[in-house]
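Novice: Attaching a single structure in structure tokens format; questions to follow.
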Number of protein chains: 2
Amino acid sequence: MDVYAIKMNSFTLHERVAADTHAVCDLALCRVLLMNDKRFPWLVLVPMRPDLREIIDLPPGDRAVLMEEIARTSSALNDLFAPDKLNVAALGNKVPQLHVHVIARKKTDAAWPNPVWGPGTAEPYDKAETGALLDKLGIQFGLKGN
Amino acid sequence: MDVYAIKMNSFTLHERVAADTHAVCDLALCRVLLMNDKRFPWLVLVPMRPDLREIIDLPPGDRAVLMEEIARTSSALNDLFAPDKLNVAALGNKVPQLHVHVIARKKTDAAWPNPVWGPGTAEPYDKAETGALLDKLGIQFGLKGN
């Protein structure tokens, strides 16, 4: 664990990502975050490595881990929300720190069939909703007994 | 090669993707396509397997290959276009066949800093532009001597 701590030492979550999200858990590579927007069940994966901008800034081994963490996150959203479609995207035009969106889309949601990054404004969860959702996500990611 | 041919047998490119793109090459897993929209250097990867909708419909081994083909495509766009940012996304809200967008973004492009799926209309390449770009991409993907 000491080696892990040293490797993580210089990772700092970008302040805008931190402001827009709640922390769910840390996987082997990525921090899992819940976007604070109840219009969409929306998680964000941020690889806990310094100075990453693009997926190809990760070495191949880490890219493989990222893909499996995307899959794990996708499955968690599938199990909890039974979406009509998953949207997976690494854009980063506005926030320079590498982050991957994994979003559960419904045909009835506020943006369907368009991407979520467009018109409209985030609708924050209240405190009770946040707590309940973080509990459910924690169970999905195996942090708590299920 | 016969086994490969049998495995690919039931893959058919979705008609809307076929209509919007030019074929660049086939990698081990994905067909590489050039989006016919000169506003953005924009490639699309379509895994050549039948009945895929989500990344998690692929088995883990194919997911790892997909990630490396995304990386290879990203590097090709980097080398050719020196973008300010790469955008990588599997959305599929409108076209149900699994496909991954890999797009070279410039701060001066028609949509920056927004995603490319929004206002505005595709601007097709003319025949000479298409041929020249497919040649360059072919070299990047190692299809022709470089």
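The values are calculated or read from the model by the stated rules, or taken from the named source; none is laboratory data. Bear in mind that the values here come from a model prediction, so they are computed numbers and not experimental data. Because the Cβ atoms are built from the backbone with ideal geometry, glycine has one as well, and the counts that use them run over all protein chains shown. Surface accessibility is based on the protein's heavy atoms, side chains included, excluding ligands, DNA and RNA. Shrake-Rupley method; radii C 1.70, N 1.55, O 1.52, S 1.80 Å.
Novice: Looking at the range B:29-52, which of its residues are among the charged types (D, E, K, R), more than 13 Å from residue B:11 (Cα to Cα) and surrounded by fewer than 18 Cβ atoms within 10 Å (Cβ to Cβ)?
Specialist: Selection gives B:38, B:39.
Novice: Within the range A:127-145, is there a residue that is acidic (Asp, Glu), outside any strand (DSSP E or B) and closer than 24 Å to residue B:57 by Cβ?
Specialist: No: zero hits.
Novice: Also, I was wondering about something else. All but one of (1) touching a Leu at 6+ places or on another chain (Cβ under 8 Å); (2) within 17 Å of residue A:75 (Cα to Cα); (3) of a type in the set (A, V, I, L, M, F, W, C); (4) surrounded by fewer than 22 Cβ atoms within 10 Å (Cβ to Cβ) hold for residue B:80; which doesn't?
Specialist: (2)
Novice: Turning to a different aspect of this structure: Residue A:108 is checked against (1) closer than 29 Å to residue B:109 by Cβ; (2) more than 8 Å from chain B (Cβ to nearest Cβ); (3) over 17 Å from the mean Cα position of the chain (by Cα) and fails just one. What number does that condition carry?
Specialist: The single condition residue A:108 does not satisfy is (1).
Novice: Filter the range B:1-28 for residues that are part of a helix (DSSP H, G or I) and either modelled with pLDDT of 95 or more or open to solvent by less than 20 Å² (accessible area, probe 1.4 Å) (or both) and give the result.
Specialist: Of everything in the range B:1-28, those that are part of a helix (DSSP H, G or I) and either modelled with pLDDT of 95 or more or open to solvent by less than 20 Å² (accessible area, probe 1.4 Å) (or both) turn out to be B:15, B:16, B:17, B:18, B:19, B:20.
Novice: Right, something else. I'm trying to understand the selection: among the residues of the range A:47-93, which are in contact with a Ser or Thr (Cβ under 9 Å, 6 or more places away or on another chain) and away from chain B (no Cβ under 11 Å)?
Specialist: Within the range A:47-93, A:49, A:50, A:51 qualify.
Novice: While we're here: Given (1) under 21 Å from residue A:25 (Cα atoms); (2) touching a residue at least 60 places away in the same chain (Cβ under 8 Å), identify the lone condition not met by residue A:132.
Specialist: Result: residue A:132 fails condition (2) only.
Novice: Separate question: Where the second residue is part of a helix (DSSP H, G or I) and the first is within 20 Å of residue A:32 (Cβ to Cβ) and lies in the range A:56-69, which pairs have Cβ atoms under 6 Å and are six or more apart or on separate chains?
Specialist: So the pair list comes out as A:63/B:67; A:64/B:64; A:67/B:63; A:67/B:67.
Novice: Report, ordered by the first and then the second residue, all pairs with beta carbons closer than 9 Å, sequence separation of six or more or different chains, a first member in the range A:77-97 that is part of a helix (DSSP H, G or I), and a second member that is aromatic (Phe, Trp, Tyr).
Specialist: That search, which allows pairs on different chains as well, returns A:77/A:42.
Novice: Within the range A:42-76, which residues are touching a Lys or Arg at 6+ places or on another chain (Cβ under 9 Å) and not in a helix (DSSP H, G or I)?
Specialist: Across the range A:42-76, the qualifying residues are A:44, A:45, A:46, A:47, A:48, A:49, A:53, A:54, A:58.
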